[in-house]
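Beneath this line is the structure, given in C-alpha cells, with notes to follow.
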Amino acid sequence: MTRSALATALAALLPTLIRADPFFYPNWSSNKCSSETNANLPSSHGWTETTIEGCCARYFGHDTAYNACIVGTGGTLEANYKWYIDYSVFPNICSKGCNSKDVDPPDLMCGGIPSPYTTKKMYDTPEECCAGELASNNQGQCKWLSLRATGTYPGSQKFYEGSSERLCVQDCVGDAPCGGVLTTNRPTYDTIKECCAKQLPYLDKDICETQSSALGYGTEKWFPNGGVCKKDCTGNFASKPVSTDMCEKPNAWTQTASLYDTPEACCKGSLTYLDLNYCKSRSDLNGETVPATGYTDLWYVNWDNHACSKDCTSSSDKACKKLTSNAILHPTPEACCAAHITYTDGAKCKAASIAGVKSDNKDDTTAATSTGKWFADYGTARRCVKDCPVGTGGPGCGGSIGNAVPYDDAKACCAAKFGWYQSDLCKVLSETDGTGHTNLFYPDQGEGMCHKDCVGTAGSCKGTPTDLSQEMYATAEACCAAKLSWINKDTCKTKSENGANAPSVGTNQWFVNWQTNTCDKDCKTGDGPGCRGVSDGSSVTMHPTVAACCSTHFAGINGDLCAARANGNAHTNKFYPNQGDAKCYQDCAGSTAPCKGSPTDLYVKMYDTMAECCSTSISWADAASCAGASDSALATTEWYANWQLNQCVKNCPTGSGDGACGGIAEGSWVIKFASGPECCNQPAFKWKKQSDCIKS
C-alpha cells in the first residue's frame with residue numbers, strides 16, 4: 001500500500017477509535033460504576049462496559065449491591081411486578097416488585113424493585129405468595145394486607161375453635177360470636193354446627209352450638225351439676241319463668257355428657273346413685289314435672305333417732321325433717337322402718353318416727369311408744385329390761401326399747417342375748433330390777449363349799465354370784481357333786497347347807513396322810529382305831545377300807561405293816577431282813593431276840609416265818625446265824641481259811657479261851673475242813689509252813 005493510501009485508511013479509521021461516547025468501569029470506593037470517554041479513561045482499567053447495567057452486573061451483581069450500583073451510577077431500576085415476602089412489615093405481608101412513586105397514581109402494593117440477583121422467591125399473585133412462605137398466617141388477612149385494602153381486616157367471617165374456652169368463635173372483630181381475627185392459619189368452617197362437629201365432637205352438640213351462637217343462651221335442656229340436675233336456661237331466654245336456683249349455664253370445659261329433655265331423664269341417666277324422687281325434687285324447682293316444693297314428702301332413715309323422718313318442712317308435722325343429702329326414700333314410715341331399722345320393733349319405730357323422737361330414748365317417761373316387750377341392756381344393768389317407762393311402768397322397766405331386738409318375755413330375751421348367763425338367774429334379775437334371787441346353789445372354789453343365792457348372809461346365803469355365768473343347782477348335794485367332787489361330799493353338803501362354820505362330818509373312809517406316810521380314817525380323833533381327825537376333803541381321795549388305801553398309795557409297803565400303822569397297832573409280829581446284820585428280826589415289842597421293833601425301812605419285804613425270811617432274803621448267811629443263834633451255839637470243831645489273817649482258823653468265837661478260834665464263819669459259801677492241816681493243805685497255803693498256816 002502506498003503511503004498515501006495508508007494515510008487515507010487511517011484517516012477513515014481514526015474517528016471510530018477515538019470516540020466521545022462514555023465507557024463504564026467500577027468505582028470501588030463508592031460501590032458504583034463511573035463513566036469516562038476514551039480520551040479520559042484511566043490507564044489502570046483494562047476492561048470497561050458500555051452500559052451501566054453491564055458494569056453493575058459485572059462488578060456488583062449480588063442482591064442489593066446491584067440496585068445500589070444502578071441508582072448510584074444514575075441508571076433506572078426496572079420493575080418486574082412479581083410478588084415477594086416483605087419482612088419490613090409486621091405482620092409480614094406480600095409486596096409487588098415495583099416502586100409506588102414510579103406509578104401514577106402511586107401503587108401502594110409496591111414494596112420496591114428487587115434486584116435480579118435477589119434470593120427472595122418471587123410469585124405471580126399475592127395468593128401464591130401468602131400460601132407459600134406465609135402458609136402459617138391467616139391467608140385471608142395476608143391477602144387483605146398485601147393488597148393494601150383500606151380499613152381493618154374484618155376477618156373471614158368463618159368459624160374456628162376458640163383457644164380460651166371450649167366453643168366455636170367467628171373470625172371477626174366485635175361482640176360474640178366474634179372471637180377475634182385469626183393471625184395464624186387454622187381450620188375454619190362456614191357454620192357453627194360444622195365447627196362443633198369437626199373440632200369439638202366430644203362436647204354435647206347443643207351446648208357447643210348454643211353457647212357458640214351470638215346470643216349464647218341456654219338450650220332449655222337438663223344436665224347434672226353439684227349432685228342435682230340443673231336446667232341450661234336464663235331469665236331472658238327461658239321458655240317460661242323459672243326459679244333462678246334451677247337455671248345454670250353448663251361449663252363447656254367440664255360438661256361433656258349428653259343433655260336431657262327432662263329432669264327425670266337427667267337423674268336416671270347421670271345421677272343413678274341418687275334416689276330418683278330426691279333428685280327430681282331438688283332439681284325441678286319450677287314445678288315442671290313435680291311439685292315445686294324442694295322436698296318429696298317421703299320417708300327416710302334417721303340414724304340419730306333410730307327411727308325414720310319425713311322429707312318435708314311443715315312445722316306442724318313433728319315427723320318433718322328436710323333432707324340435706326341423698327337418701328333412700330319410702331312412701332310410709334312402716335316401709336322405712338322395715339327396710340332399715342330391723343333391729344327395733346316395727347311398731348316402736350313407727351311410733352317414734354311419727355312423733356319425731358328417738359326410739360331409744362330411755363328418759364321417755366310416757367308410755368305412748370312403749371311395747372311391753374323385752375330387750376337386752378348391755379350397760380350397767382347387764383340383763384334384759386322391759387320396754388316401758390322407768391319407775392312408772394313397773395318392775396323390769398328399762399325405758400325405750402331403742403335399737404334392740406324385742407322379745408316377748410324375759411326368758412326368751414335372756415336365752416337369745418345373755419346365753420352365757422345362768423338362765424334362771426338372768427330371768428329373775430331381769431324381772432325384779434336386779435334385786436331378786438333364785439334360791440339356787442353355786443360353787444365357791446376358794447372356800448370349798450357351795451353358797452345359796454338368797455337374801456342376806458345367814459347360813460348358806462351369800463347373795464347373787466359375782467360370776468353371772470356360774471352354773472347353779474337346785475340342791476347343795478348336786479352342786480358339790482358337780483363342781484366340788486374332790487371334797488368330801490358330806491362335809492361339802494353340810495357346810496353348803498349350814499354355812500362355812502358348820503362342823504365337818506367324817507365319812508369313816510380311809511385317805512392318805514402324806515405328812516406321816518400313813519392311811520388315816522376320816523373320823524373324829526379318838527372315835528376308833530385310825531381316827532385322827534375329819535378331812536376337809538380338799539384334793540383327797542377316799543377309800544372304803546384301809547387295805548384299799550394302802551394298796552393304792554403304799555403298794556411297796558407290806559399290807560399288814562401299813563394297816564398296823566394306820567390302826568395305831570405297834571407291831572405286826574412278822575419277820576424282816578437286816579442285810580447289814582445278816583439276820584432276820586421280828587416286828588415285835590422289846591429287844592429280846594428275835595424282836596427288834598418295827599423296821600426302819602417301811603418298804604422292806606416282810607415274812608410270816610423266820611425260816612422264810614432267812615431262806616429268801618439272807619440266803620447267803622448261815623440259817624442259824626440268820627435266825628439269831630449265839631456264837632457259842634454256832635461253834636464247831638471245823639477249820640476255815642480266814643483271808644484277813646491269811647491263816648486257817650477254828651470255827652469258834654474269838655476270846656473263848658482257844659487261841660486257834662478265829663470267829664464264826666459267816667456265809668454258807670465258806671468251805672470248812674475237819675482239821676487245821678487239811679485246811680492248810682489248800683494250794684493257797686502250800687508255800688507256808690504248817691506252823692505258820694495254823695492259828696494258835
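Counting only aspartates and glutamates at least 8 places from LYS120 when in the same chain, those with an alpha carbon closer than 18 Å to its own are ASP63, GLU78, ASP86, GLU128, GLU133.
What the phi angles of the stretch 484-498 give under the Karplus curve with 6.51, -1.76 and 1.60, with θ = phi - 60°, is a coupling list of 10, 5, 7, 9, 3, 5, 5, 5, 4, 5, 4, 5, 5, 8, 10 Hz, glycine and proline written as x. Estimated from the Cβ-Cβ distance and a Förster radius of 60 angstrom, the FRET efficiency linking THR541 and ALA265 is about 0.10. Applying a threshold of 22 Å to the alpha-carbon distances of LYS386/LYS427; LYS310/LYS350; LYS121/LYS158; LYS205/LYS231; LYS483/LYS524 flags LYS121/LYS158; LYS483/LYS524 as lying beyond it.
FRET efficiency for the pair ALA589 and LYS686, taken as 1/(1 + (r/R0)^6) with r the Cβ-Cβ distance and R0 = 56 Å, rounds to 0.55.
By the rule of a C-alpha distance below 28 Å, with chain neighbours fewer than 8 residues away ignored, the lysines paired with LYS672 are LYS583, LYS650, LYS686, LYS688, LYS689, LYS695.
If each of GLU612 and TYR202 carries a label point 7 Å out from its Cα toward its Cβ, how far apart are those two points in nm? Inter-label distance under the simple model: 11.4 nm.
For SER34, the amide hydrogen comes within under 5 Å of the amide hydrogens of TYR25, ASN27, counting only partners 5 or more places away or on other chains and with H modelled in the peptide plane. Along the stretch 196-203 the Karplus relation, 6.51 cos²θ - 1.76 cosθ + 1.60 evaluated at θ = phi - 60°, assigns HN-Hα couplings of 4, 5, 8, 9, 10, x, 7, 8 Hz to successive residues, with x for each Gly and Pro. Counting only DSSP H runs of at least 4 residues, each contributing -39500 (n - 2.57), and dividing by the residue count of the chain, the helix-based mean residue ellipticity at 222 nm comes to -7000 deg cm²/dmol. In sequence order, the stretch 111-122 has phi-based couplings of x, x, 8, x, 5, x, 9, 5, 8, 5, 7, 10 Hz under the Karplus curve 6.51 cos²θ - 1.76 cosθ + 1.60, θ = phi - 60°, and Gly or Pro positions carry x. Distance from a point 7 Å along Cα→Cβ of SER136 to each backbone N in the stretch 180-203: keep the residues under 14 Å and list them by number. Inside the label zone: 183-186. Among residues other than VAL649 with Cβ under 12 Å from its Cβ, the summed charge is +1 (Lys and Arg +1, Asp and Glu -1).
Only one of the listed values, (i) 32.9; (ii) 101.6; (iii) 38.8, was derived from the coordinates as mean projected area of the Cα convex hull in nm²; which label is it? Entry (ii).
Taking a sphere under 13 Å around the Cβ of TYR260 and counting the other residues whose Cβ falls inside, with K and R at +1 and D and E at -1, yields a net charge of -3. When the chain is described by a simple charge dipole with +1 on each Lys and Arg Cβ and -1 on each Asp and Glu Cβ, the residue from SER309, CYS413, ASN27 located farthest towards its positive end is ASN27. Model label sites at ASP408 and SER469, defined 7 Å from Cα along the beta-carbon direction, differ in position by 3.0 nm.
Thinking of the stretch 31-142 as a set of Cα atoms, what percent of all their pairs are more than 25 Å apart?
Working: 2223 of 6216 pairs.
Roughly 36 percent, rounded to a whole number.
Charges only on Cβ, +1 for Lys and Arg, -1 for Asp and Glu: so what's the dipole of the chain about the Cα centre, in debye to the nearest 20?
Details: 60 positive and 73 negative charges, 208 e Å.
Roughly 1000 debye for the chain.
With the contact rule set at Cα under 8 Å and sequence spacing of 6 or more, what percent relative contact order holds for the stretch 538-586? Each step should come with its number before you reach the end.
Numbers: 31 pairs, mean separation 9.8, N = 49.
The value is 20 percent.
For the pair ASN27 and CYS178, a Förster radius of 60 Å applied to the C-beta separation gives a FRET efficiency near 0.55, rounded to the nearest 0.05. With a simple spin-label model that places each label point 7 Å from the Cα along the Cα-to-Cβ direction, the separation between ASN80 and ALA292 comes to 7.6 nm.
Find out how many positive minus negative residues lie around THR616, taking Lys and Arg as positive, Asp and Glu as negative, among other residues whose Cβ is under 14 Å from that of THR616. Before the final figure, lay out each step's value.
Values: positive: LYS574, LYS583, LYS605; negative: ASP608, GLU612.
With Lys, Arg at +1 and Asp, Glu at -1, the neighbours total +1.
FYI, it's all coordinate maths here, none of it is from the lab. The model shown is predicted, which means the values in this text are computed figures rather than measured ones. Here the Cβ is made from the backbone with ideal geometry for all residues, glycine too, and neighbour counts use every protein chain on show.
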